[in-house]
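Here is the structure we will look at, set down as structure tokens.
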Amino acid sequence: MKTLFIDCNDQLAPVWARVVRPDDPPIDVNRTPFARDELPRVIAGYDVVIDDHSYMPTELVAQCPLLKHIVFLGTGPASYMDVAAINARGIKVHIIKGYGDTAVAEHSIALMVAAARDVARMDRDVRAGTWTPQEGVQLRGKTLGVIGLGGIGREVARIGAGMGMEVIGWNRTRHGDVTVPIVEIDDLLARSDVVSMNLTLGDETRGFLSAERIARMKKGVIFVNTARGALVDEAALLAALSNGHIRHAGLDVFHAEPLKADHPLTKMPNVTLTAHAAFRTLEASMTLLRRAIEIVTSLA
């Protein structure tokens, strides 16, 4: 099958060069940015596409009659395409699990610590010539609530426990091998000093952290999201940050990406922002791309 990696950027290109092997099936690589409506032109003639994080609207995918497989580099294609609609057209969407559990979990913890100690705010102030030490929150002994206990959530729980935090969790399904104490979601929100969002986005979880659930969170909570922006009611999140109900948010994901410079989140001092980079480590990227190639190989 003819395959194209549609959006290999400058960061991924050297990683791709490291993981490709001489006996791999031929895969063309596109490194030229393209507008969303140019998608049919870019993938014309290809049976398989590897998609890093490009949007793939169904109406544009419908203009690609040869396309049979989309290999999404990650676990959350629902943020970038209507998976059910694409599947209904006879196109299979493949995801890659477990490649970056540790990388994403470590980033979640990094955002948690940065939020607790106002690291980003003080960095901005010092660079601007203002010396204003901020009083932070000590995390040892605090309660960490992990929403979603897949591979990433379990890693967040493990690291948090190692820091001396009391860890509790909530998951959509029960797993016998989960060692984290499981509580009801309302209990988790009411008890947690820090809430880490680690759910997978789908029809059942979109808007999971609603205005009602945000209202049930402990006042002064720290909220971290490295999963998907659409899991959270954005208007309610902005309101809770504005009135101090949420002390600080550490966010790596957003409803629309890239996040625009004039978005309200960028104006809030009690928000630490990163550029959907939680999974971006060399180790995780190498594993991710290698597994993508192995999927393509299995389709040949």
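In the chain, which longest range has no chymotrypsin sites (Phe, Trp or Tyr not before Pro) that are both DSSP loop (not H, G, I, E or B) and surrounded by at most 16 other Cβ atoms within 10 Å?
After excluding every exposed loop site, the longest remaining stretch is 132-300.
Calculate the FRET efficiency for E294 and Q63 from the Cβ-Cβ distance with a Förster distance of 41 Å, rounded to the nearest 0.05.
After rounding, the FRET efficiency stands at 0.90.
Take the Cα atoms of region 190-289, build their convex hull, and give its volume per residue in Å³. Intermediate results must be reported in sequence, preceding the final value.
Numbers: hull volume 11.5 nm³, N = 100.
Considering the Cα atoms of region 190-289, their hull volume per residue is 115 Å³.
Determine the calculated [θ] at 222 nm for the chain from helices alone, applying -39500 (n - 2.57) to every DSSP H run no shorter than 4 residues and normalising by the residue count; nearest 500 deg cm²/dmol.
So the calculated ellipticity at 222 nm is -9500 deg cm²/dmol.
Hey, what do the phi angles of region 276-284 turn into as Karplus ³J(HN,Hα) couplings, whole Hz, using 6.51/-1.76/1.60 and θ = phi - 60°, x for Gly and Pro?
6, 10, 4, 8, 8, 10, 4, 4, 5
Per residue, how big is the convex hull around the C-alpha atoms of the chain? Give it to me in cubic angstrom, could you?
That works out to 150 Å³ per residue.
Please sort by residue number the trypsin sites (Lys or Arg not before Pro) in region 212-300 whose DSSP state is loop and whose Cβ has at most 13 other Cβ atoms within 10 Å. Before the final figure, lay out the partial values.
Details: sites: R213, R216, K218, K219, R228, R247, K260, K267, R280, R290, R291; in loops: K218, K219, R228, K260, R280.
Sparse-neighbourhood loop trypsin sites (Lys or Arg not before Pro): K219, K260.
If I histogram all Cα-Cα distances within region 101-273 using bins 5 Å wide from 0, what percent of pairs lands in each bin?
For region 101-273, the pair-distance distribution reads 2, 9, 18, 23, 22, 15, 8, 3, 1, 0, 0.
To the nearest 10 degrees, how steep is helix 151-162 against the longest Cα principal axis of the chain, on a 0 to 90 scale?
Rounded to the nearest ten degrees, it is 30.
Among H53, A105, V20, whose Cα lies farthest out toward the positive end of the dipole of the chain, if unit charges sit on the beta carbon of Lys, Arg (+1) and Asp, Glu (-1)?
Final value for the positive-end residue is A105.
In the chain, which longest range has no GluC sites (Glu not before Pro) that are both DSSP loop (not H, G, I, E or B) and surrounded by at most 10 other Cβ atoms within 10 Å?
By the stated rule (loop sites, at most 10 other Cβ atoms within 10 Å), 1-134.
In whole angstrom, and with the biggest value first, how far do the Cα coordinates of region 1-69 range along each principal axis?
35, 25, 14
Enumerate the calculated ³J(HN,Hα) couplings along region 48-60 in order (Karplus 6.51 cos²θ - 1.76 cosθ + 1.60, θ = phi - 60°), each rounded to whole Hz, writing x wherever the residue is Gly or Pro.
Result, rounded to whole Hz: 10, 10, 9, 10, 6, 8, 8, 6, 10, x, 4, 5, 7.
Hey, can you grab everything whose amide H is under 5 Å from the amide H of T272? Only 5+ residues off in sequence or another chain; H modelled, so Pro and N-termini drop out.
Long-range HN contacts for T272: A249, G250, L251.
Report ³J(HN,Hα) in whole Hz for each residue of region 31-40, in order, from the Karplus equation J = 6.51 cos²θ - 1.76 cosθ + 1.60 where θ = phi - 60°; Gly and Pro get x.
10, 9, x, 9, 6, 4, 6, 8, 3, x
Can you list residues from other chains, or at least 5 along the same chain, whose modelled amide H is less than 5 Å from the amide H of V221?
For V221, whose amide H was placed from the backbone, the distant partners under 5 Å are R247.
Just to be sure I follow the rule: in the chain, considering lysines 8 or more places apart or on different chains, how many pairs have Cα atoms under 28 Å apart?
Lysine pair count for the chain: 9.
Under a Cβ-only charge scheme (Lys and Arg +1, Asp and Glu -1), can you give me the dipole magnitude of the chain about the Cα centre, in debye to the nearest 20? Before the final figure, lay out each step's value.
Working: 33 positive and 35 negative charges, 79 e Å.
Once rounded to the nearest 20, the dipole reads 380 debye.
Return the long-range amide H neighbours of V71 (sequence gap of 5 or more, or a different chain), with a cut-off of under 5 Å between placed amide H atoms.
Residues meeting the amide H criterion: V49, I50, D51, H94.
Filter the trypsin sites (Lys or Arg not before Pro) in region 20-86 down to the DSSP loop ones having no more than 15 other Cβ atoms within 10 Å, then list what survives.
Here the trypsin sites (Lys or Arg not before Pro) that fit, given the DSSP loop and packing criteria, are R31.
Among I246, L265, V126, whose Cα projects farthest towards the positive end of the dipole of region 101-273, with charges put on the beta-carbon of Lys, Arg (+1) and Asp, Glu (-1)?
The listed residue farthest towards the positive side: V126.
Regarding region 133-230, what whole-number volume in Å³ per residue does the convex hull of its Cα atoms give?
Expressed per residue, the convex hull around the Cα atoms of region 133-230 is 109 Å³.
With everything on Cα atoms, drop me the angle between helix 101-116 and the longest principal axis of the chain, reported from 0 to 90° to the nearest 10.
The answer is roughly 30 degrees.
Where a number appears in this text, it was derived from the coordinates with a stated rule and is not lab data. Keep in mind that this is a model prediction, so the values were computed, not measured. Here Cβ is always computed from backbone atoms with ideal geometry, including for glycine, and neighbour counts include all displayed protein chains.
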